[in-house]
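The values are calculated or read from the model by the stated rules, or taken from the named source; none is laboratory data. This structure is a prediction, so every number in the text was calculated from the model and none was measured. Using ideal geometry, Cβ is built from the backbone for each residue, glycine included, and neighbour counts are taken over all protein chains shown. Note: areas computed on protein heavy atoms with side chains; ligands, DNA, RNA excluded. Shrake-Rupley method; radii C 1.70, N 1.55, O 1.52, S 1.80 Å.
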Amino acid sequence: MRKPPVQTPDDSPPLWEQWSAGFVVFMLTGALIAPVIAPTQVETPILRFIWLPVYAVTAGLIVFRFDKVIRAWPAWLMMFALVALCFVSKYWSIDPEVTERRVIAMAINSAFAIYLGARFRDDALPRVLMYTCLVMAVGSLIMVFGYPKVGVHQFDNAGLWRGLWYEKNQMGLVMVVGAVSATATLAADHIAGRSHRIWICLLTLGLTTLLVLATQSKTSLLCWGLGLGMIGGWWALKQGGAVITVIGIWFAVIIAAGATWLWNSDSAAILEALGKDPSLTGRTLIWEALMRKVAERPWTGYGFSAFWGVDSVPAREIRIETQWPVPSAHNGWIDLLVQLGWPGAVAVGAVMAISAIFVVARTNGLGAREGYWSVAYLAVFTALSLSESVLLTHANLPWILMLAIMARAVTFDPAPVRAPLARPASRAYQTRSRIASDYVNGRRPLRF
């Protein structure tokens with residue numbers, strides 16, 4: 001007998017909700033508004049004021065969809081633990097005011113991340129990211145050709161595109177998100193048998209890839225290849241069956257082992273082939289200096305978001321030692337160590353590990369429905385954290401999407417409801433069956 005179909009009501013967010021979430025995502029990238037209002041990258045009161053509408057939109061979305069976001073209660077618990085750790089650090093922070101202010105911002109934006117992951121299920125999240133990044137890609141092209149003084153680097157990295165952002169690396173990372181999201185949407189549509197968005201996906205993929213190449217950022221290009229490669233690999237395994245899966249895993253292990261051996265054998269030659277010097281453009285010198293600072297406060301750090309402040313004495317010592325106005329550690333884990341010490345690094349590592357386990361475990365279900373976006377972006381984010389300060393930030397898209405993945409991974413949809421069996425049309429007159437009610441096991445009962 002054929003099973004009745006499973007009812008899957010359309011729970012995708014309406015257009016107004018997609019636009020609202022896209023607006024918050026746009027602001028989290030730091031596009032256009034920050035470079036125009038604060039071109040020197042110094043935090044100003046007016047810039048803080050502009051964020052108030054963003055926080056209002058976030059609060060409204062969470063309250064309106066409270067029944068959805070409350071299902072992600074494990075993600076809320078993990079998020080509150082991270083926020084509590086950051087808040088407590090103000091008691092030993094070298095700049096308690098900055099720490100307290102940015103903890104509040106981080107808490108609000110982290111709440112938006114959980115809303116985003118819990119509300120935008122399946123392919124809805126990569127789809128809204130694709131559309132938002134497409135708008136920013138078009139805006140970046142307008143700035144590059146219409147206002148080159150803003151859209152193109154004029155001094156450092158002269159001639160390289162930066163679009164709507166301060167630096168080319170920022171544009172590169174946002175465009176990587178757009179490319180990965182477009183590819184995931186394309187894969188999800190193919191798996192579900194849809195084809196009405198194929199041209200939008202290809203257009204977004206083409207524009208975002210062009211802008212990644214225009215930045216000449218090796219990190220962005222590496223993340224682009226890793227993200228698209230993960231989606232393509234999982235999609236191929238899904239289409240190929242058990243044999244292709246075994247062969248694919250075997251090749252992945254061989255390639256990973258060979259790459260590790262090659263890196264350990266002659267990493268300097270690999271870096272030179274990629275156009276990088278062995279010091280990674282001076283980053284290794286920064287890391288060595290920062291690790292000495294970590295050794296001074298291994299269990300507490302210098303306070304959340306306080307180390308790189310304008311009046312920070314430890315940061316000034318790092319800049320004097322490296323002879324360079326270092327803006328950050330250029331490594332998420334070391335930056336986390338100087339802020340919160342080893343407890344902060346272990347806590348963030350645990351959150352990422354839990355998210356990765358759930359994402360991989362749900363690859364055949366949620367992973368296929370979302371076009372393997374979570375597993376691809378998680379790989380991109382992990383690689384990115386080794387060269388950029390993107391871990392546990394107060395207003396930064398890469399970390400927000402990481403928390404959204406955590407929320408998606410630990411939130412399970414309600415059990416599907418099956419359609420009731422069709423009943424035969426009733427007759428005008430029908431005698432009642434006497435077998436079930438008047439007989440026991442089909443036999444007439446004995447009467448005494």
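When each of 61, 52, 77 is tested for being touching a helix residue (DSSP H, G or I) at 6+ places or on another chain (Cβ under 7 Å) and either modelled with pLDDT under 95 or under 30 Å from residue 349 (Cα atoms) (or both), the lone residue that passes is 61. Residues that are of a type in the set (A, V, I, L, M) and either open to solvent by less than 10 Å² (accessible area, probe 1.4 Å) or within 19 Å of residue 223 (Cα to Cα) (or both) within the range 129-143 comprise 129, 130, 134, 136, 137, listed in sequence order.
Residues in the range 273-302 that are among the polar types (S, T, N, Q) and modelled with pLDDT of 60 or more: 284, 300. Whether any residue in the range 175-189 is among the aliphatic types (A, V, I, L, M) and open to solvent by 60 Å² or more (accessible area, probe 1.4 Å) is what I want to check. Taking every residue of the range 175-189 in turn, none turns out to be among the aliphatic types (A, V, I, L, M) and open to solvent by 60 Å² or more (accessible area, probe 1.4 Å).
Taken over the range 190-215, the criterion of being under 25 Å from residue 390 (Cβ atoms) and surrounded by fewer than 16 Cβ atoms within 10 Å (Cβ to Cβ) is satisfied by 210, 213. Any residue at all in the range 165-174 that's of a type in the set (Gly, Ala, Ser), within 24 Å of residue 202 (Cβ to Cβ), modelled with pLDDT of 95 or more and crowded, with 19+ Cβ neighbours inside 10 Å? The answer is no, given that none of the residues of the range 165-174 is of a type in the set (Gly, Ala, Ser), within 24 Å of residue 202 (Cβ to Cβ), modelled with pLDDT of 95 or more and crowded, with 19+ Cβ neighbours inside 10 Å.
Quick one: how many residues across the range 315-327 are open to solvent by 20 Å² or more (accessible area, probe 1.4 Å) and in a helix (DSSP H, G or I)?
Within the range 315-327, the subset open to solvent by 20 Å² or more (accessible area, probe 1.4 Å) is 316-317, 319-325, 327.
Then keep just the ones that are in a helix (DSSP H, G or I); that gives 316-317, 319-322.
Going through the range 315-327 one residue at a time, the tally reaches 6.
On the basis of being at pLDDT below 90 and closer than 19 Å to residue 399 by Cα, does residue 147 make the cut?
The answer is no for residue 147.
Residues are listed down the side, and each one gets a yes or a no for (1) free of Cβ contacts under 8 Å to residues at least 24 places away in the same chain; (2) assigned to a helix (DSSP H, G or I):
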residue	(1), (2)
131	no, yes
134	no, yes
141	no, yes
145	yes, yes
149	yes, yes
155	yes, no
165	no, no
172	no, yes
183	no, yes
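Condition check ((1) assigned to a helix (DSSP H, G or I); (2) in contact (Cβ under 8 Å) with a residue 60 or more places away in the chain) across all residues:
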site: 302; (1), (2): no, yes
site: 353; (1), (2): yes, no
site: 358; (1), (2): yes, no
site: 367; (1), (2): yes, yes
site: 376; (1), (2): yes, yes
site: 379; (1), (2): yes, yes
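Of the residues in the range 96-118, at least one is open to solvent by less than 10 Å² (accessible area, probe 1.4 Å), among the aromatic types (Phe, Trp, Tyr) and at pLDDT 95 or above. How many residues does the range 328-381 contain that are open to solvent by less than 20 Å² (accessible area, probe 1.4 Å) and at positive phi? So the answer is 3. Checked against the criteria, residue 263 counts as of a type in the set (Phe, Trp, Tyr) and either at pLDDT below 90 or in contact with a strand residue (DSSP E or B) (Cβ under 8 Å, 6 or more places away or on another chain) (or both).
Can residue 83 be described as in contact with a Ser or Thr (Cβ under 7 Å, 6 or more places away or on another chain), at pLDDT 95 or above, closer than 28 Å to residue 300 by Cβ and not aromatic (Phe, Trp, Tyr)?
Yes.
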